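Asker: Sharing a structure here in structure tokens format.
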Amino acid sequence: PGALYDNYFMFIAWVSLVLAPLCGVHFVDFFLLRRRTLHVRGLYEAEGVSRYSYWRGVNPFALAAVGAGALTYYLLLNPVTYEASSLFRYTSASVPAFVVAGVLHYAFTRLVVVPAGKGGYR
């Protein structure tokens, strides 16, 4: 158990590396872009028929936003060495990762996804 306890904060940092930007994308998508409206039937319809269809079932722009948020987190706090940048002291790593991913997701969705008619955004 010593190895588990000694590496607990490193594990949390790795989880946060993905979870913080993913939460940013989910927050922006549900609250700002979809305005808290979800059509449950569309969740279960076939790909191509559902209002939530993307490109082969994947929204590459949301993945890019999560990746950019994860990179932001990594630049502020390295989860391998646990070395922090000087900016980390004032912002942490999760908040900037959340914001970067959310802003990029909003921009990508408005500029590319909505004009392409994907994702069920009205």
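Asker: Grab the beta carbon distance between Tyr5 and His26, set R0 = 30 Å, and tell me the FRET efficiency rounded to 0.05.
Answerer: Calculated transfer efficiency: 0.45.
Asker: For region 1-48, compute the orientation-averaged projected area of the C-alpha convex hull (one quarter of its surface), in nm². Walk me through the numbers before you get to the answer.
Answerer: Working: hull surface 22.7 nm².
So the mean shadow area of the Cα hull is 5.7 nm².
Asker: Calculate, for region 20-115, the solvent-accessible area per residue in square angstrom, rolling a 1.4 angstrom probe over the heavy atoms of the protein chains.
Answerer: That works out to 62 Å² per residue.
Asker: What percentage of the solvent-accessible surface of the chain, computed with a 1.4 Å probe over protein heavy atoms, is contributed by carbon and sulfur atoms? Write down the numbers at each step before the final one.
Answerer: Values: 5380 of 8030 Å².
Whole-percent figure for carbon plus sulfur exposure: 67.
Asker: Cα centroid distance between region 2-47 and region 61-122, in Å?
Answerer: 12
Asker: Computed over the Cα atoms of region 78-122, what is the convex hull's projected area averaged over all directions, in nm²? It would help to have the intermediate numbers written out before the result.
Answerer: Values: hull surface 17.9 nm².
That works out to 4.5 nm², a quarter of the Cα hull's surface.
Asker: Using helices alone, what [θ] at 222 nm do you get for the chain, with -39,500 (n - 2.57) per DSSP H run of 4 or more residues, divided over all residues and rounded to the nearest 500?
Answerer: Details: 6 runs with 66 residues, N = 122.
Mean residue ellipticity at 222 nm (helix-derived): -16500 deg cm²/dmol.
Asker: For the Cα atoms of the chain, what angle does the longest principal axis make with the long axis of helix 94-108, in degrees from 0 to 90, nearest 10?
Answerer: Here the helix axis deviates by roughly 20 degrees.
Asker: So, one more: Let me check against my output: what whole-number percent is the relative contact order of the chain, with C-alpha pairs under 8 Å and at least 6 apart?
Answerer: Values: 138 pairs, mean separation 46.9, N = 122.
Relative contact order comes out at 38 percent.
Asker: Right, another one. Give me D for the chain in µm² s⁻¹, whole number, from Stokes-Einstein with Rh from the Kirkwood sum over alpha-carbon pairs, 20 °C and 1.002 mPa s. Can you show the working numbers first?
Answerer: On the way: Rh = 15.7 Å.
Estimated via Stokes-Einstein, D reaches 137 µm²/s.
The values are calculated or read from the model by the stated rules, or taken from the named source; none is laboratory data. Values in this document were obtained by computation on a predicted structure and should not be read as measured data. Methodologically, a virtual Cβ is constructed for each residue, glycine included, from the backbone with ideal geometry; neighbour enumeration extends over all protein chains shown. For accessibility, only protein heavy atoms count, side chains too; no ligands or nucleic acids. Shrake-Rupley method; radii C 1.70, N 1.55, O 1.52, S 1.80 Å.
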